[in-house]
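The values are calculated or read from the model by the stated rules, or taken from the named source; none is laboratory data. Note that the structure is predicted; figures quoted are calculated from it, not measured. Counting neighbours? That spans all protein chains shown, and the Cβs are built from the backbone with ideal geometry, glycine included.
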Amino acid sequence: MIKRLLSSEFPVIAYNRTSSKLDVLKEFGVTVAQSPKEVVQNSDCIILMLTNAAAIRELLLSESASDLNERTIIQMGTIAPQESRTLAQEIIFRGGEYLEAPVLGSIPEAEKGKLLVMVGGTENQFKKWSVLLQHFGTEPILIGEVGTAAALKLALNQLIASLTSSFALSLAFLECQGVDIEKFMGILRQSALYAPTFDKKLERMCEHNYDNPNFPTKHLLKDVNLFLQESESLNLMSNSLNGVQKILDKAIELGLADADYSALYSAITPKE
Ligand SMILES: NC(=O)c1ccc[n+]([C@@H]2O[C@H](COP(=O)([O-])OP(=O)(O)OC[C@H]3O[C@@H](n4cnc5c(N)ncnc54)[C@H](OP(=O)(O)O)[C@@H]3O)[C@@H](O)[C@H]2O)c1
């Protein structure tokens with residue numbers, strides 16, 4: 001994502017907790033900061049792409065970096081709507097502005113600037129920062145106020161988890177029944193049930209090969225847990241997703257936390 005900004009009019013200062021991960025960016029002439037405080041002091045806008053809300057708090061709301069006067073924070077990771085709204089309040093309290101801009105898409109889309117960027121904030125914020133966000137995805141979309149884009153992103157990831165686990169279960173069932181998987185796929189591809197993600201994950205599942213993930217099992221479980229917490233408070237009957245949560249828990253137990261999330265197939269049908 002930082003590389004996408006290199007050819008833009010926006011000068012970039014980068015920070016990462018593990019500084020060695022930024023060595024590759026130094027070769028492109030990116031200025032690397034030694035602390036979050038250094039970034040906050042020298043930037044008008046701070047883009048966060050961090051694991052979860054706890055990491056955001058540790059980095060941005062710790063003592064050392066807490067004066068956010070006239071700074072705009074754009075939060076692009078996947079967090080819960082309520083977490084996002086609370087962050088907004090705390091950042092405004094410290095004199096800053098906050099908008100959320102979670103994304104659909106992974107490393108290949110990030111490299112090409114083709115992420116789907118969903119924005120939660122005011123219309124003015126959207127107008128002001130669209131030019132910047134267009135470097136990550138050509139058409140950022142304003143969803144509504146803070147919390148709405150976070151909700152939409154979680155709804156999409158709930159679909160990723162549910163579709164993938166449903167497909168994995170049918171695949172495992174048919175393998176156990178001795179049915180030719182190509183015949184299954186041939187019929188599925190012609191039907192309204194088909195989703196392109198099935199073919200993207202088919203080979204990995206058949207070969208139990210989950211190497212080089214763009215999106216790991218542990219992050220899908222994080223998002224399922226966030227979705228379940230929020231839907232409980234909304235009194236939604238989300239029991240189907242509880243089942244998916246158990247499958248993802250089992251995949252983590254099998255040592256597949258950092259593997260591609262299609263590893264949930266191995267939780268459904270452990271390899272002999
Ligand atoms: N990967 C995807 O395909 C994808 C797609 C859409 C959305 N997302 C979401 O975007 C966010 C980032 O994804 P990612 O795949 O880049 O996640 P990641 O591999 O977990 O890395 C995120 C970053 O967070 C930092 N971090 C984690 N805990 C920290 C802490 N306590 N203090 C300071 N820094 C901390 C990491 O620093 P270190 O390098 O030092 O560990 C790393 O730079 C997540 O919310 C994810 O769900 C990911």
Could you go through the stretch 73-93 and let me know if any residue there is over 27 Å from residue 216 (Cα atoms) and within 11 Å of the ligand (Cβ to nearest atom). no
Residues of the stretch 1-43 being basic (Lys, Arg) and in contact with a strand residue (DSSP E or B) (Cβ under 8 Å, 6 or more places away or on another chain), which ones? 26
With 172, 168 as the choices, which residue is within 24 Å of the chain's Cα centre (by Cα) and either assigned to a helix (DSSP H, G or I) or at pLDDT below 95 (or both)? 168
Only residues that are among the aliphatic types (A, V, I, L, M) and assigned to a strand (DSSP E or B): list them for the stretch 23-54, please. 32, 46, 47, 48
Could you please let me know if residue 116 is within 15 Å of the chain's Cα centre (by Cα) and assigned by TED's automatic domain parsing to the domain that holds residue 70? yes
Exactly one of (1) surrounded by 15 or more Cβ atoms within 10 Å (Cβ to Cβ); (2) more than 22 Å from residue 37 (Cα to Cα) is unmet by residue 84. Its number? (2)
Would you tally the residues in the stretch 1-22 being surrounded by 11 or more Cβ atoms within 10 Å (Cβ to Cβ) and assigned to a helix (DSSP H, G or I)? 6
Out of the strands (runs of 3 or more DSSP E) lying entirely within the stretch 55-142, which hold 3 or more residues that are β-branched (Val, Ile, Thr)? 72-75
Counting only residues that are touching a helix residue (DSSP H, G or I) at 6+ places or on another chain (Cβ under 8 Å) and under 25 Å from residue 49 (Cβ atoms), give me the helices (runs of 4 or more DSSP H) lying completely in the stretch 182-272 with at least 2 of them. 196-207, 217-233, 239-253
